[in-house]
Amino acid sequence: MEKFTISTSSRTQFIDITHEVSNAIGNTGITSGAATIYCPHTTGGITINEGADPAVKRDILHMLNSIVPWEADYRHMEGNSPAHIKTLLTGSSAQVIIENSRPCLGTWQRIFFCEYDGPRKRTVWVQAMGR
Amino acid sequence: MEKFTISTSSRTQFIDITHEVSNAIGNTGITSGAATIYCPHTTGGITINEGADPAVKRDILHMLNSIVPWEADYRHMEGNSPAHIKTLLTGSSAQVIIENSRPCLGTWQRIFFCEYDGPRKRTVWVQAMGR
Amino acid sequence: MEKFTISTSSRTQFIDITHEVSNAIGNTGITSGAATIYCPHTTGGITINEGADPAVKRDILHMLNSIVPWEADYRHMEGNSPAHIKTLLTGSSAQVIIENSRPCLGTWQRIFFCEYDGPRKRTVWVQAMGR
């Protein structure tokens, strides 16, 4: 498995990790197959969405914070239940198809690490499969 | 990678693509393994859910439109932020297990392309892995 | 494919299946690769989240029940549309990376079957890929 680390700077934040994921896949020598991009944290996730206009990231995070309010009838004493809920909604991993040793993405797609309880130092795992 | 295209006819819509996915998997010659069904668009997704009663699709879309309102404090000028948010909630891909050259689905399960910013012409990518 | 069954005891419930998934992966003989953990039901899902404090599970389910109300303008006569919607939000499968014949999880991560229309007897499918 390939690993890399990132540092987040806000409580909730999307970090574009497309470049790091591409490098990780290139390191494996797999030319055709698929890769799992995996978040080993329970208050973060991985998603694929538009990367061209920063307003898209802002709007997604803004609405997630509205859907899952910071204050509610939460029991978890650590106080970060909203982050755990956003992790369920987002998913802990994403899949990409590999062709020519590279992740295949649509024209507007970028791969994001989703920080829901930052700022923190985070690790991302990448497992490429195929030949 | 296998590819196929579909045309959607509404702003939000679930299209049953089980037949197309089965054909794509059959074309690969993979008899046992798993497949990634991937949406290369940032305002659509892939999900697996009930296909027998059309009311289920209607209820899911209706509630998604309630959870993610069309009008809110969005900044993305293209006006389709709700679609990007639904894409995060849904996921850009689904995984199915392959046995006997076919996708293994539960009794009531069907595979759906989720259109959140239609009508449009859309492409779906399928990568089968295994032997 | 490996399979195992579980029994749920509540209408909505998270069941820790990490042990069963680890055993299933061990049975395959795959030492390095990735596995798909798949729910063949349309009113349940698979997620990965914190397992240490039971309050986290409680808070996630409580908020999901708030986001997707039990009573709304649903048309599906079976009366379990909220369960189908939570299945879309959760996803029907999760991916884990395999190293040393075991699923790689973060320090706080556990694998959960998500029951959204229980109590029922449920089946989980596991497909491991790699070498």
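The values are calculated or read from the model by the stated rules, or taken from the named source; none is laboratory data. Model, not experiment: these values are computed from the prediction. With ideal geometry, Cβ positions are generated from the backbone for all residues, glycine too; neighbour counts draw on all protein chains shown. SASA here: full protein model, heavy atoms, side chains in, ligands and nucleic acids out. Shrake-Rupley method; radii C 1.70, N 1.55, O 1.52, S 1.80 Å.
Worth a mention:
- Answer residue from the stretch C:95-106, given it is in contact with a helix residue (DSSP H, G or I) (Cβ under 9 Å, 6 or more places away or on another chain) and surrounded by 22 or more Cβ atoms within 10 Å (Cβ to Cβ) and is farthest from the other protein chains (Cβ to nearest Cβ) among those: C:Pro103
- Test: residue in the stretch C:39-56 that is over 28 Å from A:Ser66 (Cα atoms), open to solvent by 50 Å² or more (accessible area, probe 1.4 Å), within 12 Å of chain B (Cβ to nearest Cβ) and not aliphatic (A, V, I, L, M): no
- Taken over the stretch C:107-131, residues that are open to solvent by less than 10 Å² (accessible area, probe 1.4 Å) and touching a Pro at 6+ places or on another chain (Cβ under 9 Å) amount to 5.
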